[in-house]
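Peer 1: Sending over a structure as structure tokens; questions will come in a sec.
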Amino acid sequence: MKAMVEDTLSAGIDVHVISSHTTGQNEDIPEEFCKYSGFTFSIVERAVVDKHAFVKRYLSGIKFAWDCRKFIRNVQDYDLIYVQSCPTALYNLLIARLFGNRNPIIYSIQDMFPGSSIASGVMKSKWMQIVFYQLQKIAYRYSDAITVISEDMSDKVLEQGVREGKIYEIVNWYDDRTVQEVHWEDNRFVRKYDLPKDKFYVQYAGTMGYVFDYQMVLKVAELLKDYTDIEFQMIGKGSQKETFMKEKERRGLINIVFYPLEPEHMVSDVYSTCSACLIPLKRGIIGNSVPSKAALLMACKRPIINSVDKDSHYYRMFNENQIGISVSNEDPEALAEAILRLYHDKSLREEMAVNGYHFGKEHYARSKNTKKLIDLFYTIANKDE
């Protein structure tokens, strides 16, 4: 989002951001935006709600959408509205439609709801699934254009009745100006934890939430526990981390090591530490969400091992382009074999890393994809002229 706003401003387009107050690591408004005369913003105060309290969070999202109405109404001169996905995006879209001076609306889907919640096992009630799928279809109707971040996600939206000409695929990019490989000797993460260089690091860095298949990591770590120089680096936080850590201790797996979440400026250092990255996703997740870390790892010249749905475009992309290895998320033995394949074959690791780097530059670079989005802004804003 930061890159999108900054590049849109750089293209000479005025931007007004309406956002809630953040309670996380990031600031409300990056100071880089403020140097542009065409940038303005509104911050909507929003109560902090326990992330496990679904009903309260959902009602809070509806209230946030309603509170945004006066800010949308107060901004007089704009050509389109861009709405970011969230479980209550329908209400943001509704408010934008009611108070947005009939301007076209682009709906950016990053994480499909309720699909992702259903696939991860969070939403088990059938009646809730039916209700929220119907609400999602209404959200699609309120949109003039929908952006998705993968071919698999495009297929999901098509399955839900959206016509093809309304869908635009623009992947989540990495910043090709700042994200790059950091060599071991210069790596701040390596120095911070005094990591030995003679180990093979299989790394997961990100959110350990419901879509993250920590059971798969445990199974594979168990299979590879006799390889004392293979270490599973688990970096980050999330709702499943505590359970994951307890189960790791119960099984006595000393080859899994946990690290806290690192700040944004450490991204290149963190990803450059690993020998290979592991992305273990539960069945059904990949069509409803996409791991954004994949592009970052390509930029850092690291091979990726995916444990994902075998029938997905994402699965095939890695194997067909030799930029990593994808195996079924129902086959821990195959995942262990994939890790050992890269562990034993340094030249294959390096070949896949280089292939991935060039593939990422071609398909996932910020410079290419923000341009696609800006072109879409002009297309949608001028559609009726």
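The values are calculated or read from the model by the stated rules, or taken from the named source; none is laboratory data. Since the structure is predicted, the reported quantities are computational estimates derived from the model, not experimental observations. So basically every Cβ, Gly included, is an ideal-geometry build from the backbone, and we count neighbours across all protein chains shown. Calculation scope for accessible area: heavy atoms of the full protein, side chains included, ligands and nucleic acids excluded. Shrake-Rupley method; radii C 1.70, N 1.55, O 1.52, S 1.80 Å.
Peer 1: Can you confirm whether K199 is modelled with pLDDT of 95 or more, out of contact with any Asp or Glu (no Cβ under 8 Å at 6 or more places or on another chain) and more than 20 Å from V122 (Cβ to Cβ)? Before the answer, list the steps.
Peer 2: Working: modelled with pLDDT of 95 or more: yes; out of contact with any Asp or Glu (no Cβ under 8 Å at 6 or more places or on another chain): no; more than 20 Å from V122 (Cβ to Cβ): yes.
Considered against the rule, which asks whether it is modelled with pLDDT of 95 or more, out of contact with any Asp or Glu (no Cβ under 8 Å at 6 or more places or on another chain) and more than 20 Å from V122 (Cβ to Cβ), K199 comes out as no.
Peer 1: Condition test on E164, is it among the acidic types (D, E) and in contact (Cβ under 8 Å) with a residue 24 or more places away in the chain?
Peer 2: Working: among the acidic types (D, E): yes; in contact (Cβ under 8 Å) with a residue 24 or more places away in the chain: no.
No; evaluated as a whole, the condition is false for this residue.
Peer 1: Quick check on this structure: which one of S289, S367, S347 is at pLDDT below 95, of a type outside the set (D, E, K, R) and open to solvent by 50 Å² or more (accessible area, probe 1.4 Å)?
Peer 2: Result of the check over S289, S367, S347: S367.
Peer 1: Taking K197, is it assigned to a loop (DSSP other than H, G, I, E, B), open to solvent by 70 Å² or more (accessible area, probe 1.4 Å), over 30 Å from N382 (Cα atoms) and of a type in the set (D, E, K, R)?
Peer 2: Numbers: assigned to a loop (DSSP other than H, G, I, E, B): yes; open to solvent by 70 Å² or more (accessible area, probe 1.4 Å): yes; over 30 Å from N382 (Cα atoms): yes; of a type in the set (D, E, K, R): yes.
So K197 passes the test.
Peer 1: Kindly indicate whether I105 is β-branched (V, I, T) and open to solvent by less than 30 Å² (accessible area, probe 1.4 Å).
Peer 2: So I105 passes the test.
Peer 1: Same structure, new question: Yes or no: region 179-192 includes at least one residue that is of a type in the set (S, T, N, Q), in a loop (DSSP other than H, G, I, E, B) and at pLDDT below 90. Spell out the reasoning first.
Peer 2: Step one: list which residues in region 179-192 are of a type in the set (S, T, N, Q), which gives 180, 187.
Add one more test, that the residue is in a loop (DSSP other than H, G, I, E, B), and what stays is 180, 187.
Keeping just the survivors that are at pLDDT below 90 gives none.
Checked region 179-192: no residue is of a type in the set (S, T, N, Q), in a loop (DSSP other than H, G, I, E, B) and at pLDDT below 90.
Matching residues to (1) of a type in the set (G, A, S); (2) open to solvent by 30 Å² or more (accessible area, probe 1.4 Å):
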position	(1), (2)
Q203	no, no
G206	yes, no
K219	no, yes
L223	no, yes
D226	no, yes
F232	no, no
K237	no, yes
T243	no, yes
E247	no, yes
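Peer 1: Output the number of the condition that R341 fails; it satisfies all remaining conditions of (1) open to solvent by 70 Å² or more (accessible area, probe 1.4 Å); (2) closer than 30 Å to S108 by Cα.
Peer 2: Here R341 clears every test but (2).
Peer 1: Quick check, is Q110 outside any loop (DSSP other than H, G, I, E, B) and out of contact with any Phe, Trp or Tyr (no Cβ under 7 Å at 6 or more places or on another chain)?
Peer 2: Considered against the rule, which asks whether it is outside any loop (DSSP other than H, G, I, E, B) and out of contact with any Phe, Trp or Tyr (no Cβ under 7 Å at 6 or more places or on another chain), Q110 comes out as no.
Peer 1: Let me ask something else. Search region 113-139 for residues being open to solvent by 60 Å² or more (accessible area, probe 1.4 Å), of a type outside the set (A, V, I, L, M, F, W, C) and not in a loop (DSSP other than H, G, I, E, B), and hand back the single one that is farthest from V157 (Cα to Cα).
Peer 2: K126
Peer 1: Related question: Taking region 140-170 as the search range and keeping residues that are out of contact with any Pro (no Cβ under 8 Å at 6 or more places or on another chain) and assigned to a strand (DSSP E or B), which one is surrounded by the most Cβ atoms within 10 Å (Cβ to Cβ)? Even if it seems obvious, please write down each step before you answer.
Peer 2: Here is the first cut: in region 140-170, the ones out of contact with any Pro (no Cβ under 8 Å at 6 or more places or on another chain) are 140-143, 146-170.
So of that shortlist, the ones also assigned to a strand (DSSP E or B) come out as 146-148, 167-169.
Working: I146: 22, T147: 22, V148: 25, I167: 18, Y168: 18, E169: 14.
Result: V148.
Peer 1: For region 1-54: of the residues being in a strand (DSSP E or B) and over 14 Å from Y78 (Cβ atoms), which is least open to solvent (accessible area, probe 1.4 Å)?
Peer 2: Checked region 1-54; the qualifying residue least open to solvent (accessible area, probe 1.4 Å) is V44.
Peer 1: Can you pull out the residues in region 2-53 that are in contact with a strand residue (DSSP E or B) (Cβ under 7 Å, 6 or more places away or on another chain) and among the aliphatic types (A, V, I, L, M)?
Peer 2: Result: V5, L9, V15, V17, I18, I29, I43, V44.
Peer 1: Go through (1) open to solvent by 30 Å² or more (accessible area, probe 1.4 Å); (2) under 21 Å from L59 (Cβ atoms) and name the single condition D77 misses.
Peer 2: (2)
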